[in-house]
Structures are given as C-alpha cells and as structure tokens.
Amino acid sequence: MSSTIISPARPRSRPISDAPISLLASATSGEFLSQEECKAVFDRIVGMTTGGGYTRVNIISRWSGAAKWARTRMHVVSDTHTLYLRITRIIRGASGSAVTNRVDDDGLGQAIRDAEEALTVRMESFESIADPFIDEPILHPTLWDDPTYAFGAEARTTLVQSLMRGADDRGLLSAGTVRMAGDGNATIDTEGLFRYYPTTSVECSMTVRDPKGTASGWAGVNHYALSKIDPTTLAATALDKCVRMANPSAVEPGRYTVILEPQAVADLFDPIVLDPRVMDRPSVELGYGPFAGSKIGWTKIGERVLDARLMFRSDPMDPDGGFIPYDQGIGTPYQPVEWIDRGVLRQLAYEKPYALQALNLDKALPNPRSYRLSAAPGVATSSVEAMIAHTQRGILVTRLSGVELIDPKSMLCTGYTRDGLWLIEHGKITKPIKNFRFTESPMFVLNKLEEIGVPQRIFTPGRAVVVPPVRVADFSFTSLADAV
Amino acid sequence: MRCNRTMWMTDTTEDVSKCLRVSATMMLGVLMFVGSIRSANAQASAPPTMHANNAPLTTRTGQHVPHTFASYTTPKQCDQVKLWSESIYWRARRPDTTYYPRTGRRYQQVTIDSVRACISRFSIATTAPTELLGLGQAYLTAASPIQADSAFQALLRAVAKDSVRGRAWVLYQIVKAYLDAAPPQLTDAERYLTQLDALGSRAAAERMLAHRTLADRAQVRDSVSLWERELNASRTAMHELQGDLQREYAPASAEVYRATAELRARQGNAPAALAILDTARRELVPLRPSVEEILGNRRFENLGKPQPSVDATHWFNVGSTGSVRPTPGKVNYLMEVSLISPQGYYEAFGVVRRLMAKYGARGLDVTLMIRTEGYFRRRLVPADTEVANIRHYYLDFLKLPITLAVWKTDLGKRDDGRVEPRVFPNTWFVGDVIVDRKGIARLTTLTDRDHEAVIEDVIESLL
C-alpha cells in the first residue's frame, strides 16, 4: 500500500467576505464555501493536476463566531473563517497529499504540486482494476439551524454579559466560551463521489470560581442549534456548583458509591470510543482492548461486557445526538448501529477490506465517535436527586479531567475529579469535598451499575454524545488531588 | 510480506499479527486507490479488466538526478540517502524489477553518486567519534572501501580505552556494516570478526550476533560450508554467555538454534533439525513465550516424509500430467498464494518465473494453491465467478508458467459473523515446499530472493 505524505499548509491569503449568508441563498462568497463553490474549487483543482490518475479533495470550510471571557471580563469576540483543503492525488497506486487554506490559483497550484511531488517517492501499484463507481446513499439528519448561523457578534456579546452577571453579582470570577459555527464540508473525488453537508454548531461552557481559587463549578454543552441548549441554565448551574463548593473538606480516599453526572460518565467512557483500536474489530481480534476474546482471532461479540441494562449505539439520526452521516475522509456512510445492546457486545467497527475478507459483507462499519449511552428500552431510569436520596454514603461527581488510559486490556484509566465534588450521607448532600485522583475502568464501573438516569447531551466539541447520569458502587479514589 | 490463510496454521502468532495488519493495510491501500463505495453485486460477470502500469511516472524534473542533500548534518543521514534513492529508481520499473536484484544488491550509480555528493562535506579528521560508524557506512554505500576502512580504524582508535564489551559492540557494528553493504563485503567482515573473536568470552554476546549475521549472508548465497562454520562459531559463543546475559540474549540464542535447524533441513536432515529445536527448549529455560515462538517447528515436521497430495476443486494448466500434485517423476514446487495482499507476491512470482525458465524443461513443476474467499478485490462475487477471476489473474494477466489448483471454499459463519471454511484442505501446508521425484518433501522454505539460491540448489540437486 502507498501511504500518503502531507506537505505543510501555505499561509492563507484569501480575503473572505464578512457578510453572513443564508444556506438558501445562492451566494458566490460568504462565511464558508457553498456546495457550488466547493464543486467549482474541485473542478479547478482537477483542471490543474498533471499525470492523470485519481484526485480527491476534502474541504472543511468554517465560519466560527466566538465570545470568550475570563475573570468575569470579556476577553475576545471574534469571527473566524477557516478553510482546510486537502488534496489527495493517486497515480497508479502511489499517493501524495497536501493541505492548504488558499483557493486562489497560486495556492491550489502549489498544493497540487506538493501532492504530486510527494507521490513520486511512493511505490506504485503494479495493477489497477477498471471498476465502476457505485455510490451509497447517506442519511440526512437535521444539522442546520438558521438562527444559530445568524447569531452575530453583538448577540453573542449580549448573551455573555448576561451569563457573567450572576457570578459578578456574587463577587465570583467566571470564564467561558460561547461559540457558534457554520460548516460547509465536502468530500469530492474524480470517481464520482460527491458529499456536501452544511452544519451549524454551538458550544457553551462556563466555569465559576471563587477569588481564592478553592471552589469551582462548571457546566457546558454543545449542539447543532442554539435553541437546543439553555445557556442561562448552564450559567446558573456553574454558579450554583461554585457556591456550594465553598470551603471543601478533605475526605479519605478509598472506594465509594459515586453518582457520576453525565459529563463525568462521558469523560470516563470516551477512551473506549476515542482509542482507534479499542473498537476496531481487526485490532480486537489481535488481542487489543477489553473486547478481545480469549484467543487470537476472536472477540467478545455475543458476550456480555457491560451491565445488562445498558445500550450503547450510534445513529446519525439520533434526535439529540445527530451527526454528519458519513466519514469525512473517504465518504463512507455511517449507519445506525448498536455496539452494545443490553450489555452484550454486538458490533465492532471495521473497514471495507475487512468486511469482504472476514465477514463476507461489502459494507464498512466505521466508528463515528459520536454515540448515545442509555438505559435499554423498558429499563427504569432515575434522576440524580433520586440517586442522591438512595445513597447512604457516597460522592457526587461533576466531571473528570486529565483522563489517561493506563491499560488498554482492562481500560484502566486515571485522572482526577474537578469543578464540583460533594459528599453524600444518609441520602443528602452534606458538604463539598476536595478533589480526588481516581483509578478506574469504564468496564468495571459500568458493570457495577446501581441506578441509571435519563441521557442528555453533554459537552464534546466536534462530536455528539448523549449519556446518562449513573450511580455505581465501589468507585476507586486513590488519593487527594490539588485540582479545583 | 505475504499473508495467506495458512499463516493461521503456524505457531507464530506474531506472523499472524503481521499478516492481519499487513493485509488490512494493503487492502486499505487498494480501497484508497479507488476511493469509492461499492454495493454488493452478486451477478456473475466477465473477469475484471486488469491494467498493467507500464508507463513510468517521471519526477518533476523528468529524470532521476543525484541530490546533494545539503541540509543533512551527519554522515549517517547521508548513508540513509540510499533508501530514498533506490526507492525512486525502482518504483516505476515493470514488472518484477520493482524489487532489488537477487544477490549482490548493488546500488544504482545514481545512488552511489548521491551518497558521494552528500558525504563529500565530511572527513574522518573532522567527524566526531560518535559519527564515525555512520561515516564508514556511508563510504561503503558510496563504493569507497578504503575510506570506509579508514573511518572504521579511526573509530576503533577512539574506543581503544573502552571496556571489552564496548569495543566488542563497536566491532560487531563494523562487521554488520560490511555485511549490510551492497554487495556484502565478506572478506573485510571476516577481518574484523577475527578481531572480535580475539576479545574472548567477555565478548560472547557480540560474537554470537556477528557470526549469526555472517551465517545469514551465507544462507542467501546457499554457501553451506560457510553457513555451517559460522553457525558453529555462533553457538560456541552462545554457550559462553553467563548469568544475566543468557537471559538477556535468550531470543537471539533461539534465533541461532532456529538458523541451525534451517541448515539441517537444508542438508536434508529433518530429525536433526527437530532435535536441535528440542535442545533449545531444554537449554533456554525459563522458556519465555517469545522464545517459544521463535522455536516453532512446524516447518520441519514433514521433511523426509511422503508429501500429501494437493486437494483442489478446480485445476488449470495441468499440462500432460493431469491434476495430481505432487506429480510422480517430477520435481514439484508447491506454493500457496492468496489475493488478500496480491502485491506481496510479486517478488515470489519473479523467483517462480526464473525457476521455470531455468528448470521447467528439465522436469520442474510449480503449482500454486489458492482457495476462494467469497470476494474478488472489492466486490462480493459467487464462488464460480471468483474461480474464473482467479484463473484469469494468474494465467492470463500475470501469465505465470504454473499449474493452478483452486479450492472452491464452502464458507460457513461463526456465531460472531466471521466467515470460516467448513472444510479446509491442505492443512499440511506450512510453507512453500520442494518435493523430489519420488514424492518426498525435501525442503520447506519461503519464495523470495533471500532464499532463491537455496531453492535453486536444492532443485538442481533433485533434477
């Protein structure tokens, strides 16, 4: 196989209009490239290539409007236009790739020359096969929201000022980010593949701290539409957590019943999803990760790996967790898939060559890294308040940070708690406590499930993740931590 | 690297791992080449149109010219130029010159000129002692043996006051540099090897490694007497290892034992080969899993015994001898192939073509064994279509002068969805095998340029 060499991007020089556009307008220039503009860029690139062969262009074109504040003062309100254009050239099996952020002739020409020069040092393939291109349909989740796209700098400033007010009134410090974005992403090649999917996104996260730096509260979420989130409630939550975290006490580390809020659940579960090999079926069959079978060539598909009440799935059409319905690298569609159903491992991700060779299937099953973790249908759910009431002695965790994978076989991870940690005694929160370092595995934790809540969207920029709060037994905190 | 179904049958899980990684990577490369999505198409169809890439791709300047590599700051970097330069030179040649020549491995003149231009900025006098080894290697690549030797002499002077182990390691690196040169410089290597041997038992580990490296070069030439001599010397040094060094060098010691078993197999003495591996298992205790992998012995089990016949549902190009393989009265070369990673077999096919050109008329018969997988390249196809495509690929497209034995696989599925053959014939296959006129297996080997000399000599002796 010929691997690709990527040349460094050239400095951007293209002036871009500041005028916002609507998706429905047939604008020739604007915040990001439209479908027609992406096609026009692709056609120009193909016209400039030399040597024939195959060309693929990946375009990430983005307008991003952010408002950031720190220490309860507005820090920056910005509008950023980003263009990432990757040109891949393959001639007789030798491939080369280059990235650029320019769409003028000089910029594109330089990138094409870089890609074509890179492939001259790659080995060519002896054979090629004449094979007709057959496209595969994609799903069409709703990922665009006009009001989000139209939320300009003034509106962002006004919003942030309102978010800061509560902390400022209490003499506390706040910091955070509100960011809106509109993306026009395209994957086009000379074989006939054409994918273009405009999306909007909004991210809102906020931290409130006391001036002494001993108490901290955080809240955040991301979605495709501003109407799907409630920044005011987020701000109130962060403020409330900070206030309730005042004067934390030190408690002995050890094993506790813990209630993990949704963000903490995702922080712990993400290594399973984000490690490229844990859910990759060929890697798992070679023995990597917690889903590997007892001998080489086998997986735990068909075996129970998590609590029987849990379901773990990915679906581009998820009403709360929709995402772009194809792999933006080579255009492979994402289909709804249940990775784990009632605790039983059902599927692992794989590419098309593996599908053909090992499964006698002709479709890939890629991992989109967006997911929903929830109670299986028919399973009773609980609220965080109810979980607290059911806890004799435990700890309520807002989020985890610095999560590092120690052992991929068991998924043992370490990290620390932050931004809100409370002791629960006799069904009530009694006091804030100092943060801990934990050493735990999501595989262990989600097999010691006591209660599960209703899943909600959490803060994972660039992805759509929906997870529930959970109450689990014997969560291991190994030491106190200096984290706030 | 070849990857075929019988890799699963070996006792080296590392090979299996490499097999799956390489096959996945190479198939991904095939997929990336197309860059599109296919849907299932189960209809029988004519064999796909295959194209041979005959036109070389020129560089931007239209020719491959020496490069000065002015930005390189060490002599070792200059020596690495050879990898890039040879790759550029060979990349666009067709059909089987994509790979380096069989023996000798001489670099192209443009490579030599490039390295010369690069190291012209360095001199022995101004090069730090830590870079002298790289300088000597670069001089060897640049076909400047006198300067290479001067660099190595300077290096030895620089380490003259070091410990015995330190000097031994440097001498081993010098020996290795001569043996890694293209072509290998055996006389010079032996000269420094003599100095290494003179360091005695405290240099046992380095002596073991150096003699083993020389034995490998002898194997490539099928120089049996040199091969035997060097392995004996390597084993002598191995037995001088003491204490922690024995444990530290256990995998390397296992390699020496295995190389000796290969030599015995080459000499037609399968029982001796197996006995050596048993000895190794007794001596290299505690037997670590990694060491046990190295000592896997399935490749020697069938030597000296009647070769089981090849099972196939379809035979092509059988000639006048019919569809029985091994063919009585002929020397047979049985080789398993797979379309999982077709590029990995080009080197082997080059060897096969040369063998048939040399020995085909004298009674050599080469049979390729393959089984259907349920797909051909990027599409699911019915088994009959796949058989037709396989025949077309090996006989019409590659035009290999071989007999093709195809097993039409009846695929079943495991509970986890993975396909597996319900019946798997030819389970005896553990490597490409040479069978004599009486049907006795004489050698199990790999079909590549490193083993071509051995294969030729064995076939020659059997014809």
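The values are calculated or read from the model by the stated rules, or taken from the named source; none is laboratory data. Computed from a prediction, not measured in an experiment: that's the story for all the values here. With ideal geometry, Cβ positions are generated from the backbone for all residues, glycine too; neighbour counts draw on all protein chains shown.
Annotations for the structure displayed:
- Options B:Val458, B:Val381: the member that is in contact with a strand residue (DSSP E or B) (Cβ under 7 Å, 6 or more places away or on another chain), among the β-branched types (Val, Ile, Thr) and within 14 Å of another protein chain (Cβ to nearest Cβ): B:Val381
- In segment B:301-360, of all residues being among the β-branched types (Val, Ile, Thr) and touching a residue at least 60 places away in the same chain (Cβ under 8 Å), the one that is nearest to the other protein chains (Cβ to nearest Cβ) corresponds to B:Ile340.
- For segment B:225-339, the helices (runs of 4 or more DSSP H) that sit wholly inside it and include 2 or more residues that are of a type in the set (Ser, Thr, Tyr) and modelled with pLDDT of 95 or more are B:250-266.
- Taken as a whole, the condition of being surrounded by fewer than 21 Cβ atoms within 10 Å (Cβ to Cβ) and at pLDDT 90 or above applies to A:Val46.
- Sole residue being modelled with pLDDT under 60 and closer than 30 Å to B:Tyr172 by Cβ, chosen from B:Tyr72, B:Tyr107, B:Tyr139, B:Tyr99: B:Tyr99
- Scanning segment A:414-453 for residues that are of a type in the set (Lys, Arg) and farther than 29 Å from A:Met311 by Cβ returns A:Lys428, A:Lys431, A:Lys434, A:Arg437.
- Scanning segment B:414-426 for residues that are at pLDDT 90 or above and among the basic types (Lys, Arg) yields a count of 2.
- For segment B:260-274, the condition of being surrounded by fewer than 16 Cβ atoms within 10 Å (Cβ to Cβ) and either in contact (Cβ under 8 Å) with a residue 12 or more places away in the chain or more than 22 Å from B:Asp436 (Cβ to Cβ) (or both) holds for at least one residue.
- One residue from B:Glu283, B:Glu248, B:Glu292 being among the acidic types (Asp, Glu), surrounded by fewer than 16 Cβ atoms within 10 Å (Cβ to Cβ) and over 30 Å from B:Val164 (Cβ atoms): B:Glu292
- Residue in segment A:345-364 that is farther than 30 Å from B:Glu386 by Cα, within 14 Å of another protein chain (Cβ to nearest Cβ) and surrounded by 21 or more Cβ atoms within 10 Å (Cβ to Cβ) present: yes
- Residue within segment A:387-397 that is of a type outside the set (A, V, I, L, M) and within 14 Å of chain B (Cβ to nearest Cβ) present: no
- Against the conditions (1) crowded, with 21+ Cβ neighbours inside 10 Å; (2) part of a loop (DSSP other than H, G, I, E, B); (3) away from every other protein chain (no Cβ under 14 Å), B:Thr367 satisfies every one except (2).
- Some residue of segment B:385-402 being assigned to a loop (DSSP other than H, G, I, E, B), hydrophobic (A, V, I, L, M, F, W, C) and within 14 Å of another protein chain (Cβ to nearest Cβ): yes
- All strands (runs of 3 or more DSSP E) inside segment A:414-484 with 2 or more residues being modelled with pLDDT of 95 or more and surrounded by fewer than 22 Cβ atoms within 10 Å (Cβ to Cβ): A:428-432, A:436-440, A:449-452, A:470-480
- Pairs, first without any contact (Cβ under 8 Å) to a residue 40 or more places away in the chain and at the interface with another protein chain (Cβ under 10 Å from one of its Cβ atoms) in segment A:295-308, second part of a loop (DSSP other than H, G, I, E, B) and among the aliphatic types (A, V, I, L, M), C-beta under 9 Å, six or more apart: A:Ile296/A:Leu286; A:Gly297/A:Leu286
- Once segment A:44-79 is narrowed to residues that are within 14 Å of chain B (Cβ to nearest Cβ) and small (Gly, Ala, Ser), the residue that is nearest to A:Cys204 (Cα to Cα) is A:Gly53.
- For segment A:80-125, taking the residues that are part of a helix (DSSP H, G or I) and within 7 Å of chain B (Cβ to nearest Cβ), the one that is nearest to A:Gly184 (Cα to Cα) is identified as A:Glu117.
- Residues of segment B:187-208 classified as closer than 29 Å to B:Thr111 by Cα and either in contact (Cβ under 8 Å) with a residue 40 or more places away in the chain or of a type in the set (Lys, Arg) (or both), total: 3
- Residue in segment A:126-141 that is of a type outside the set (Lys, Arg), more than 14 Å from every other protein chain (Cβ to nearest Cβ) and either within 30 Å of B:Ala46 (Cα to Cα) or buried (at least 20 other Cβ atoms within 10 Å of the Cβ) (or both) present: yes
- Matching residues in segment B:125-158 - criterion: being of a type in the set (Val, Ile, Thr), crowded, with 18+ Cβ neighbours inside 10 Å and over 14 Å from B:Tyr107 (Cβ atoms): B:Thr127
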